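One structure below.
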Amino acid sequence: MVLERKSLVIDERDAASWIRDGMTIAIGGFINSSHPMAIVRQIIRRGVKGLTVVGPASGGLDLDLLIGAGCVRKLVTAYMGGEHYCPVAPMFRAAVERGELEVWECDEGMYYCALRAAAQGLPFTPWKAGIGTSFPEINPDIKVFNDPITGEPLLAIPAIKPDIAIIYAAHADPYGNVQHIGTGFGDRALWRAADRTIVQVERIIPNEEVRKNPLATSLYGVDAIVRAPYGSHPFAAPGYYIEDAEHLREYVAAATTYAKYGDRGPFEAYLRKYVLEPETHADYLQVIGIKRLIALHEY
Amino acid sequence: MVAIAREYTIDELMVVTLARQFRSEDIVLNGTVSFIPVAAILLARATHAPGLTWVAGAVGVDAQPEPLIGNTLDPTMWKRCVMYLPQEHMWSYVHRGVLETFCIRGAQIDQYGNINNTVIGDYARPKVRLPGSAGMGDMGSLDKRIFIWTTTHTPRTFVERVDFRSCAGYLDGGDSRERLGLKNGPQLVITNLCVMDFEPQSKRMRLKSVHPGVTVEEVQAQTGFPLIIPKEIPRTEPPTVEEICLLREVIDPHGMRRREFRSASGRE
């Protein structure tokens, strides 16, 4: 009798059920690219509350949607904008100005220090950059200390350990070997730091395909794979599609109506139409429509 | 004899002025909504600095993009690069002296070149929450040569003291930066009105040149602190015909550099 390796493939509903109120979760990608949106939308549908979200080093409108939907208590990221769509993410701005969201204020290098400490099982990473800035004054977790060897001032950046990292990539085999197209941004750092990792992909490929090009493997041994074609929409997916500019503008307009004028109506309508009413990722894609989706070709 | 351009616009003058600061041995990276620096990097590479290495979006090393598109962090921008830089790795060797040049804009800039892109008002109860510092908080304390640019030269941008120090400039002036063991720092400030540098002793901002049609009085009136103003203030060196042609026809034919002026006025 031949025993088969266990497939790690689950769907986005199973994946989101791993996320519980109050957890620390990390979400990969970079501003307008490579976010695991099928799972993010399912987290919102489940009504998860009180999350600490470790965003990408530069977070985008993916996190803004989670914040607007009321899932987030605390945010760890160095930047929250939407490139030229909006200089600052609207629901993020509104939540901070209304005192509804705690920010673990850090810069990009500090953010990676916190993840590196978690990955290495250390309480903190020493870091020189950020000396002279306001960060250690307003983030009580970041301490200034003197290097015991040279005596010069350094920052101690404490470990941040996500319970679960949720990452978007192009391909994976059923056994948790993942291949990004393009850079992979900071996704590897999230994977190394987190207790468990779920990876959402465009395509599941055979293990033999992975072995043809092991250099392309960016992560291995992840805990679950979710197949969701067009799953980064409305954001870009390197090698597959570009961002949906029209959709992003629609989102920004809805969110800005709340941030600027206090009217939540358009944002709620967005949430209902694109997140709450479609029951699955496939239902979401149907709302977006095949014409729009296939128009988002990369080249 | 180099032909000087007869007509050019402020965005073009800003790009050309910034481009001339880059050296052929520089490694320069760009961040979000950075059309002016990206255009300047490409212009420098096409003219006096062929060896300049551009790390597009802090991701694609030595990228060779098509003309500028509407986004300076788009994966299509780092086409045909020689290497993808995983972000967490960049922060592991940023001390090695590579990536020694960085361009920064911010919502507030003070007289010592400290920059704020985090909050306006008190941190705990901000009047305006800004997007955050991204990489400037680290870069400012890593001995880099910092070039500051802004398309909104107003007293709201140029303030006596920033509300939050997202990026360390010359701190409280004098030798306060040096005393913390930090080298280099802000070199030049390029705005829609003028070019400024920093007086070597006090480290206070000093007017260097004014753009065509702009007076010294106007610059001072639009700056929220007293500038050091030398007796002779020249006009900002004009672009050459070659620079303008490259910019308009090859590097940025769609005029993406002008988006910074739009997005700046759309801010808040």
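The values are calculated or read from the model by the stated rules, or taken from the named source; none is laboratory data. This one's a predicted model, so the numbers in the text were calculated from it and none came from an experiment. Note that we place each Cβ from the backbone using ideal geometry, even for glycine, and neighbour counts take in every protein chain shown.
Looking at (1) more than 10 Å from every other protein chain (Cβ to nearest Cβ); (2) outside any loop (DSSP other than H, G, I, E, B), which is the only condition A:Leu122 fails?
That leaves (2) as the condition not met.
From A:Glu202, A:Glu268, grab the single residue that is in a helix (DSSP H, G or I) and acidic (Asp, Glu).
Numbers: A:Glu202 fails: in a helix (DSSP H, G or I).
One residue alone meets the criteria, A:Glu268.
Sort out for me the strands (runs of 3 or more DSSP E) sitting completely within the stretch B:183-254 that have 3 or more residues that are surrounded by fewer than 21 Cβ atoms within 10 Å (Cβ to Cβ).
On the way: elements: B:185-190, B:194-198, B:205-210.
Correct list: B:205-210.
So which residues in the stretch A:190-200 are more than 12 Å from the chain's Cα centre (by Cα) and within 14 Å of chain B (Cβ to nearest Cβ)?
Of everything in the stretch A:190-200, those that are more than 12 Å from the chain's Cα centre (by Cα) and within 14 Å of chain B (Cβ to nearest Cβ) turn out to be A:Arg192, A:Ala193, A:Ala194.
Step by step: first the residues of the stretch A:35-69, then only those that are farther than 23 Å from B:Gly31 by Cα and charged (D, E, K, R), then the one that is surrounded by the most Cβ atoms within 10 Å (Cβ to Cβ). Which residue is that?
A:Arg41
Has the stretch A:105-115 got any residue that is facing chain B (nearest Cβ under 8 Å) and in contact (Cβ under 8 Å) with a residue 60 or more places away in the chain?
yes
With the condition kept exactly as written, say whether any residue in the stretch A:198-212 is in contact with a helix residue (DSSP H, G or I) (Cβ under 6 Å, 6 or more places away or on another chain) and within 30 Å of A:Cys106 (Cα to Cα). Give the derivation first.
Narrowing the stretch A:198-212 to residues in contact with a helix residue (DSSP H, G or I) (Cβ under 6 Å, 6 or more places away or on another chain): A:198, A:200.
Subset that is within 30 Å of A:Cys106 (Cα to Cα): A:198, A:200.
Scanning the stretch A:198-212, I find at least one residue that is in contact with a helix residue (DSSP H, G or I) (Cβ under 6 Å, 6 or more places away or on another chain) and within 30 Å of A:Cys106 (Cα to Cα), so the answer is yes.
What is the one condition in (1) surrounded by fewer than 18 Cβ atoms within 10 Å (Cβ to Cβ); (2) more than 8 Å from chain A (Cβ to nearest Cβ); (3) at pLDDT below 90 that B:His95 does not satisfy?
(2)
Looking at this structure, is B:Ile120 within 11 Å of chain A (Cβ to nearest Cβ), within 27 Å of A:Val76 (Cα to Cα) and assigned to a strand (DSSP E or B)? Walk me through how you get there before you give the answer.
Working: within 11 Å of chain A (Cβ to nearest Cβ): yes; within 27 Å of A:Val76 (Cα to Cα): yes; assigned to a strand (DSSP E or B): yes.
Yes: the conditions hold for B:Ile120.
Does the stretch A:56-65 contain at least one residue that is more than 9 Å from chain B (Cβ to nearest Cβ) and not in a helix (DSSP H, G or I)? Working first, answer last.
Residues of the stretch A:56-65 that are more than 9 Å from chain B (Cβ to nearest Cβ), as a first pass: A:60-65.
With the extra rule that they be not in a helix (DSSP H, G or I), the set shrinks to A:60.
Checked against the condition, which is being more than 9 Å from chain B (Cβ to nearest Cβ) and not in a helix (DSSP H, G or I), the stretch A:56-65 yields at least one hit.
Out of curiosity, is B:Pro67 within 8 Å of another protein chain (Cβ to nearest Cβ) and in contact with a helix residue (DSSP H, G or I) (Cβ under 9 Å, 6 or more places away or on another chain)? Before you say what the answer is, go through the steps one by one.
Details: within 8 Å of another protein chain (Cβ to nearest Cβ): no; in contact with a helix residue (DSSP H, G or I) (Cβ under 9 Å, 6 or more places away or on another chain): yes.
So B:Pro67 fails the test.
When you go through (1) in a loop (DSSP other than H, G, I, E, B); (2) within 12 Å of chain A (Cβ to nearest Cβ); (3) touching a strand residue (DSSP E or B) at 6+ places or on another chain (Cβ under 9 Å); (4) surrounded by fewer than 24 Cβ atoms within 10 Å (Cβ to Cβ) one by one for B:Phe164, which number turns out not to apply?
The single condition B:Phe164 does not satisfy is (4).
Please verify whether the stretch A:72-81 includes one or more residues that are at the interface with chain B (Cβ under 8 Å from one of its Cβ atoms), surrounded by 24 or more Cβ atoms within 10 Å (Cβ to Cβ), under 26 Å from A:Asp263 (Cβ atoms) and touching a residue at least 40 places away in the same chain (Cβ under 8 Å). Write out each step before concluding.
Kept after step one, since they are at the interface with chain B (Cβ under 8 Å from one of its Cβ atoms), are these residues of the stretch A:72-81: A:77-81.
Retained after the next criterion (residues that are surrounded by 24 or more Cβ atoms within 10 Å (Cβ to Cβ)): A:77-81.
If we keep only those that are under 26 Å from A:Asp263 (Cβ atoms) as well, we get A:80-81.
Okay, now just the ones that are also touching a residue at least 40 places away in the same chain (Cβ under 8 Å), so A:81.
Looking through the stretch A:72-81, at least one residue is at the interface with chain B (Cβ under 8 Å from one of its Cβ atoms), surrounded by 24 or more Cβ atoms within 10 Å (Cβ to Cβ), under 26 Å from A:Asp263 (Cβ atoms) and touching a residue at least 40 places away in the same chain (Cβ under 8 Å).
Taking A:Glu100, is it under 18 Å from B:Pro131 (Cβ atoms), within 12 Å of chain B (Cβ to nearest Cβ) and modelled with pLDDT of 95 or more?
Values: under 18 Å from B:Pro131 (Cβ atoms): yes; within 12 Å of chain B (Cβ to nearest Cβ): yes; modelled with pLDDT of 95 or more: yes.
Yes, satisfied.
For the stretch B:70-91, how many residues are facing chain A (nearest Cβ under 8 Å), assigned to a loop (DSSP other than H, G, I, E, B) and closer than 10 Å to B:Val55 by Cα?
Total meeting the criteria: 1.
Mind checking which residues of the stretch A:278-299 are part of a loop (DSSP other than H, G, I, E, B) and modelled with pLDDT of 95 or more? Can you show your working first?
If we filter the stretch A:278-299 for residues that are part of a loop (DSSP other than H, G, I, E, B), which is where we start, we get A:278-280, A:289, A:296, A:298-299.
Of everything in the stretch A:278-299, those that are part of a loop (DSSP other than H, G, I, E, B) and modelled with pLDDT of 95 or more turn out to be A:Pro278, A:Glu279, A:Thr280, A:Gly289, A:Leu296.
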